[in-house]
Amino acid sequence: MDAKAEIFDPGDHTALVCIDDPELQKTVIDQITALNYGCHAGLFIEDISLKLSTHVYDVVVIYETFNESDLETNQVLAEAMAIPASQRRLQYLVLVGPNMVTNDDMMAFACSVDLTFCLSDISNLKPVLRRGVVRHKEFYHPFCEALRAAEAG
């Protein structure tokens, strides 16, 4: 499957993988597609910005050192944090990198993402991501229901 050219149908679970290391990108895409997500790959900041502004992805995976950056200079992370709250709460942001601690809630909070994931654990991404997405949906479900009720009423 070519993650750059995949066309999504309404109702598909979708992911954007922003990793510029080809081997790591393939590993992540393989695990995400095994969870029945359609994937797009983002290799350039302009491409990623366009994709984030035109589609609400269910999962967005960001490489900590994308384009040789760090947390303070990571343009992809900055772009993802600039997403409006109404769209952001529908997305699950994952930050993957050598300095991340896998599934550390405080680190995720400090980085403004939903999940942090260490490169040394990348072979376990699939089960951790599956649990995290379910937990995220359960957490936001009452809030989203209340918003829908307020908009309808």
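One table, with the values for the structure above:
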| item | result |
| --- | --- |
| Residue in the stretch 52-73 that is nearest to the chain's Cα centre (by Cα), counting only those that are in a loop (DSSP other than H, G, I, E, B) and among the aliphatic types (A, V, I, L, M) | V56 |
| Output for the stretch 46-79, where each listed residue is hydrophobic (A, V, I, L, M, F, W, C) and crowded, with 18+ Cβ neighbours inside 10 Å | I48, L52, V59, V60, V61, I62, F66, V76, L77 |
| The stretch 80-108 - residue that is outside any helix (DSSP H, G or I) and polar (S, T, N, Q) and, of those, surrounded by the fewest Cβ atoms within 10 Å (Cβ to Cβ) | N99 |
| First in the stretch 89-102 and over 14 Å from Q25 (Cα atoms) and free of Cβ contacts under 8 Å to residues at least 60 places away in the same chain, second anywhere and aromatic (F, W, Y) and loosely packed, with under 15 Cβ neighbours inside 10 Å, Cβ under 7 Å, 6 or more apart | R89/Y140 |
| Whichever residue in the stretch 28-51 is in a helix (DSSP H, G or I) and in contact with an Asp or Glu (Cβ under 9 Å, 6 or more places away or on another chain) and, among such residues, is nearest to R130 (Cα to Cα) | I48 |
| Filter result (of a type in the set (D, E) and under 19 Å from E138 (Cα atoms)) within the stretch 63-113 | D104, D105 |
| Residue count, the stretch 112-138 (criterion: closer than 27 Å to A78 by Cβ and part of a helix (DSSP H, G or I)) | 12 |
| Answer residue from the stretch 17-56, given it is modelled with pLDDT under 95 and among the hydroxyl-bearing types (S, T, Y) and is nearest to P98 (Cα to Cα) among those | S49 |
| Matching residues in the stretch 125-143 - criterion: being of a type in the set (V, I, T) and surrounded by 13 or more Cβ atoms within 10 Å (Cβ to Cβ) | V128, V133 |
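The values are calculated or read from the model by the stated rules, or taken from the named source; none is laboratory data. Note that this is a predicted model, so its numbers are computed, not measured. Ideal geometry is used to build each Cβ from the backbone, glycine not excepted, and the neighbour counts take in all protein chains shown.
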